[in-house]
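S.K.: Have a look at the structure that comes next, please.
The values are calculated or read from the model by the stated rules, or taken from the named source; none is laboratory data. Only a predicted model underlies this, so the values are computations on that prediction, with no experimental measurement involved. Cβ coordinates were reconstructed from backbone atoms using ideal geometry, including for glycine residues, and neighbour counts include every protein chain displayed. For the accessible areas, the whole protein counts, side chains as well, though only heavy atoms, and no ligand, DNA or RNA atoms are used. Shrake-Rupley method; radii C 1.70, N 1.55, O 1.52, S 1.80 Å.
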Amino acid sequence: MEESPLKRFWLFFTIIGFSLGIFLASFNIVSISGAVFFVFIGLIIALYGWRVINDKNFRSWLLLLSFFCILAGLGVVRFVVSDVPPSPIFIKAIGEKFSFVGVVSKEPRERASYREYIVKTNSGETVLVRADLFPNFSYGDKLVVRGTLSRPEPFETIGGRMFDYERYLRKEGISFVASFANAEKIGEGGFSIRKNLFSIKRSFISAIERAIPDPESALLSGILLGSEESLDKELLDAFRIVGIIHIIVLSGYNITIVAEAVMRLMSFLSRRKALVIGTLGIVLFAIMVGGGPSVVRASVMAILVLIARFTHRTYAISRSLLIAGFVMIAWNPYVLSFDLGFQLSFLATIAIIWIAPLLEKRLGFITERFGLRDIASATLATQIFVLPLLVYASGTVSISGFIVNLLVLPFIPSIMFVGFFTGLIGVFSSGIALIPGVISYALLTYVVSLSSFFASLPLSAISIGAVSFLVPVFLYLCWIIFFAYQKRASFSALLK
């Protein structure tokens, strides 16, 4: 007997409804009154379907619609509740010299001419502080900050789109910016696991820098730890042009490589034990690099990809992916609309889990040696599926992206493996670290040279300027229809 639509699709309608409510509220399209309206309509539909409709199939669809409306209303409520207004004391101080006391709550970031600190004040506000490179402060330090407060202002991106910087920072709880500030350390936090982890991370990066010259050392730090602050702007631009910027953003792809390498080393064990060890490797790696929100997001995505690949339960994993995305946006509603990293990771994971297997069957002309066919299908799938969002966000289309990814990605596991041991050995002996450092340097130079060469070619990337939000929406609808047509049974299984 066939399952009713209510049992098959309730999860999909619930998550999509909740996400839609958060999305509408994040752009001030719907307020609390709209949430009440959604819930009211949902209850009316549910009551009508339950009491009036006798056809079970039609009743199931009406109940699904009621779920959708009610959860949309709850999504609106969740965003409104999280959108706490800033402190009136801080608002009054905007544009004036202001001093406050707070603790560095996240790992500092070094920029070209200044250092950024996220400071949690005694009153509960979180301020992005931009101060001189020296003196340098660490996570957990208690500071007195003196500077001019401002609210984050929107700005125009290279692609011509206005970027909502205020909402982007709000996803980290930041409401104010203090630029050109003077900071003074007045105390230290006690013992902190995270503080010690950051210290280990800094020692590791320093060991890499002693063994490998710049910019290759900065690139290795980015690939291993997602540390892109010290990368040269020209090199970053080249990576964006050729579409490999994802290798230096701590993503599910990077972390999946770590886990798969661990699993291959444990290949003598059973598949289940190797999967457990691979998952444990992801958790330990996430802890090592600080365990921030982006790391947690990437780790969750990587674990899902890993389970999908090694259990071949693609569509059960698709449901898990929806649940993981639901938990993330329920915990922090701002990531849905204002965190490009979350959006790209989510779409790329969908592409690897769902689309890559369909493409792999059509890439039989590519050899399976060295995992080239798997890399080609995963690369093509992710490039296709994230393209509409990237075009909307950046206003550019990378023409050389697929080729460069295909030439670079097979070397990333080797770079991560040898580079990790370069840094690990370098913590204890800079001289011995030069041995694996030479291999790391050669591989990294290949990536840098290849990217710079393709980025310098005419028409390597095409700038199309700002595009309407309706463009990616339309393109994603086209992709959904196309793949649903190609494999209707699989698409139906995804929604179960």
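S.K.: Given (1) touching a Phe, Trp or Tyr at 6+ places or on another chain (Cβ under 9 Å); (2) open to solvent by 30 Å² or more (accessible area, probe 1.4 Å), identify the lone condition not met by Arg115.
M.R.: Failed condition: (2).
S.K.: Of everything in region 11-45, what is open to solvent by 60 Å² or more (accessible area, probe 1.4 Å) and either basic (Lys, Arg) or in contact with a helix residue (DSSP H, G or I) (Cβ under 6 Å, 6 or more places away or on another chain) (or both)? Give them in sequence order.
M.R.: Listed by number, the residues that qualify are Phe12, Leu20, Ile32.
S.K.: Name the residues in region 46-70 that are buried (at least 20 other Cβ atoms within 10 Å of the Cβ) and either closer than 12 Å to Gly17 by Cβ or at pLDDT 90 or above (or both), would you?
M.R.: Correct list: Leu64, Ser66, Phe67, Phe68, Cys69, Ile70.
S.K.: Just checking, which of Gly124, Gly102 is open to solvent by less than 50 Å² (accessible area, probe 1.4 Å) and touching a Leu at 6+ places or on another chain (Cβ under 7 Å)?
M.R.: Step by step, each of Gly124, Gly102 is checked, and only Gly102 is open to solvent by less than 50 Å² (accessible area, probe 1.4 Å) and touching a Leu at 6+ places or on another chain (Cβ under 7 Å).
S.K.: Mind checking which residues of region 181-211 are assigned to a strand (DSSP E or B), open to solvent by 20 Å² or more (accessible area, probe 1.4 Å) and either within 30 Å of Asp83 (Cβ to Cβ) or modelled with pLDDT under 80 (or both)?
M.R.: Hit for region 181-211 is Ala183, nothing else.
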